[in-house]
């Protein structure tokens, strides 16, 4: 006779199967509004010793973050947003709301409409609610800063990524602004393990001629929603990050294992080392579509377009891409334009 | 099945497509392609073609389109959902010849492989570069990357690492008109495309195009692995251990459970390993840097003991670890030996519903006189109830299908889904209305409408509506 525990809590609408807001601490899944901000999600998860590790900006809505980049610093350990969001309620262009995806962590039921739509930035509708995957929260963090000559910092990255410690850091980020750069490692671990991490990082820093500093119980890094994102291969991240910072005079964060460079059009006097990003009101545009917000917006958009033009072909050649909240993607050409037309017509996405 | 005159024309046309590849048409040759891993449902193709390279594959697709015959792509044929079978007759394209590992970039953490590369072949090659590709379905020695991508395959270690879709950076696909497209690449983005079309391709079960090669993400190989085996007297204690492991900072890579019926099956066989026959057996593994995982060993063992296990065994030594895994590894093979047929279901459920769903499996199977054993990925809530039966006995298959239907109905009711890693194929296509209503079915069927609107590629799979009409 089976004697296991089970309790029934309605998590979906019985007819439409759309998600209702819920938290399941056993599975570590949480359904929240797409307009929930990171701090709200953290509060809901905190009571169960859980966390949602993918944060770009603690005051931006989840929808704004998802639409500004497919990756956050903690993607190094946990993968892209699409690997940490399991399902969503989706508002179709005609106003109908449908459920896309699941509340369980694995599915291969039907075509993966979920991942296709998640980062489509309002072109086929938008998310009203997300089901996110939470992770154990050890309630203890260490953030390491490794600094030195730019060449030493950059050359240390492939060495760091090759080791089996790599996968246990929440984030391995190269922060670059102007001529300065440093490596930032963040780990969420039990207190008794931080000594092991510190020993490893200290030894690694010594072997790479880098200076290490550590801060304990510091919140996960939030650099803000990026103004643009480049997706490339991990081995190109150090050179691309420092090149963008040096040549464009911007702030760039390389997510080393994810192969991502987040670009910020830095404000004067905002140092790389403070770890905080632009104010949300400056950084975050409406998550759905691009709205013109005067000369400032146009100036930023023009500057990003210039940067994109310089790098797009190299990114494309590797199967990479770019994305910006300020610049719409290029118009599709044949056959993609036909595919999109058919998809919109057949799916009712017009 | 094509009329004989048409079959001659089909064979001639295919032979013109492949100069270095092979065309199989004799009944003895075709018989090997009648089924997939399910075994008990047979579909005879009209022909099998084994193209030697991408150019030959392009010609096969173009010719099939002109001939108006269904096409089905097949790797090793280990699918457990009725995927790579000729459900509507026509041609099976066996992609086994496309098996080159084209490039491994350990610095870029990617590799480029052709669709016929087997998982173990890839692992051997990656080992030399100290990296690995995490998805690990139990058919790893023979299953191909093409089949893995087509079904979004998983495996025991996906609790920590995720399934195939987490590792596909890009793919090359040939559409029915013979056009070749690359979606993504080593960098894993969209490339020049505005939309991320590769998302539709992964898990599409051969219904959108023919995959030829992939760019896959790899990880540094873990320095050290500890395997733990524990038995539990009941499900309450086993669940306590599962929940404790899932919430633990040690992030186990795998959490596998065998129910007492499966344990008894192993213990009553020549493969017995000495487990208490009335127990639930749990396997878990941690891996990573030696200093870190060594420090976690006792805390993992404590979770298992505190949950109620009195025999926690663990090791970091390869041979001993193999012994700990033995009962889990031999279970599938034993089912094949003990029973004329068996079907493996693949539902994913919220973990809190585990007890209810296991009870449903037992109740339904016992009432129908069908033997059921469970061995599954407990960390993910990915159930694999195995029903052992004999399809030659009148009514047995129907009983198993009815159990499967009731199980899937309840799975969806409790918030689960039909498949976690095997795909839908034609085995579960009839259950899709449980998950998708009219709006979402329309959304789903819009995807083949883009790439394969007449359902000539792998018809009758995923959705029953996908019937090819020449």
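Every number in this text was worked out from the coordinates using simple rules, so none of it is lab data. For clarity, every value in this text was computed on a predicted model and none was experimentally measured. Because the Cβ atoms are built from the backbone with ideal geometry, glycine has one as well, and the counts that use them run over all protein chains shown.
Any residue at all in the range A:212-221 that's surrounded by 20 or more Cβ atoms within 10 Å (Cβ to Cβ) and either within 13 Å of chain B (Cβ to nearest Cβ) or without any contact (Cβ under 8 Å) to a residue 60 or more places away in the chain (or both)?
So far as the range A:212-221 goes, no, none of its residues is surrounded by 20 or more Cβ atoms within 10 Å (Cβ to Cβ) and either within 13 Å of chain B (Cβ to nearest Cβ) or without any contact (Cβ under 8 Å) to a residue 60 or more places away in the chain (or both).
Just to be sure before I move on: is residue A:164 within 14 Å of chain B (Cβ to nearest Cβ) and in a loop (DSSP other than H, G, I, E, B) in the structure I sent?
yes
Enumerate the strands (runs of 3 or more DSSP E) found wholly within the range B:58-173, keeping only those where 3 or more residues are under 25 Å from residue B:27 (Cβ atoms) and away from chain A (no Cβ under 14 Å).
B:71-74, B:91-94
Any chance you could count how many residues in the range B:165-180 are surrounded by 19 or more Cβ atoms within 10 Å (Cβ to Cβ) and under 13 Å from residue A:335 (Cα atoms)?
Qualifying residue count, the range B:165-180: 1.
Failed condition for residue B:10, given (1) exposed (fewer than 15 other Cβ atoms within 10 Å of the Cβ); (2) in a helix (DSSP H, G or I), with all others met?
All conditions pass for residue B:10, except number (1).
Do you know which of the residues in the range B:197-208 that are out of contact with any helix residue (DSSP H, G or I) (no Cβ under 6 Å at 6 or more places or on another chain) and in a loop (DSSP other than H, G, I, E, B) is surrounded by the fewest Cβ atoms within 10 Å (Cβ to Cβ)?
That would be B:197.
I'd like to know if the range B:293-313 contains one or more residues that are within 14 Å of chain A (Cβ to nearest Cβ), closer than 26 Å to residue A:195 by Cα, assigned to a loop (DSSP other than H, G, I, E, B) and touching a strand residue (DSSP E or B) at 6+ places or on another chain (Cβ under 9 Å).
The answer is no, given that none of the residues of the range B:293-313 is within 14 Å of chain A (Cβ to nearest Cβ), closer than 26 Å to residue A:195 by Cα, assigned to a loop (DSSP other than H, G, I, E, B) and touching a strand residue (DSSP E or B) at 6+ places or on another chain (Cβ under 9 Å).
Name the single residue, out of those in the range B:224-245 being surrounded by fewer than 22 Cβ atoms within 10 Å (Cβ to Cβ) and within 15 Å of residue B:160 (Cβ to Cβ), that is nearest to the other protein chains (Cβ to nearest Cβ).
Checked the range B:224-245; the qualifying residue nearest to the other protein chains (Cβ to nearest Cβ) is B:224.
Whether any residue in the range B:238-250 is farther than 24 Å from residue A:191 by Cα and touching a strand residue (DSSP E or B) at 6+ places or on another chain (Cβ under 7 Å) is what I want to check.
Yes - at least one qualifying residue is present in the range B:238-250.
Please go through the range B:44-57 and give me each residue that is out of contact with any helix residue (DSSP H, G or I) (no Cβ under 8 Å at 6 or more places or on another chain), touching a residue at least 24 places away in the same chain (Cβ under 8 Å) and either crowded, with 20+ Cβ neighbours inside 10 Å or outside any loop (DSSP other than H, G, I, E, B) (or both), ordered by number.
B:50, B:54, B:57
Within the bounds of the range B:421-429, is there any residue that is buried (at least 19 other Cβ atoms within 10 Å of the Cβ) and under 22 Å from residue A:27 (Cβ atoms)?
yes
Picking from B:355, B:340, B:331, B:327, which residue would you name as being surrounded by fewer than 21 Cβ atoms within 10 Å (Cβ to Cβ) and more than 22 Å from residue A:26 (Cβ to Cβ)?
Sole residue among the options that is surrounded by fewer than 21 Cβ atoms within 10 Å (Cβ to Cβ) and more than 22 Å from residue A:26 (Cβ to Cβ): B:340.
Identify all residues within the range A:306-350 that are in contact with a strand residue (DSSP E or B) (Cβ under 8 Å, 6 or more places away or on another chain) and within 19 Å of residue B:188 (Cα to Cα); write none if there are none.
Of everything in the range A:306-350, those that are in contact with a strand residue (DSSP E or B) (Cβ under 8 Å, 6 or more places away or on another chain) and within 19 Å of residue B:188 (Cα to Cα) turn out to be A:308, A:311, A:312, A:315, A:319, A:320, A:321, A:322, A:323, A:324, A:329.
Within the range B:358-387, can you find the residues that are surrounded by 22 or more Cβ atoms within 10 Å (Cβ to Cβ), assigned to a strand (DSSP E or B) and away from chain A (no Cβ under 12 Å)?
B:372, B:373, B:375, B:385, B:386, B:387
Suppose we filter the range B:209-252 for residues that are part of a strand (DSSP E or B) and over 30 Å from residue B:461 (Cβ atoms); how many remain?
Count: 11.
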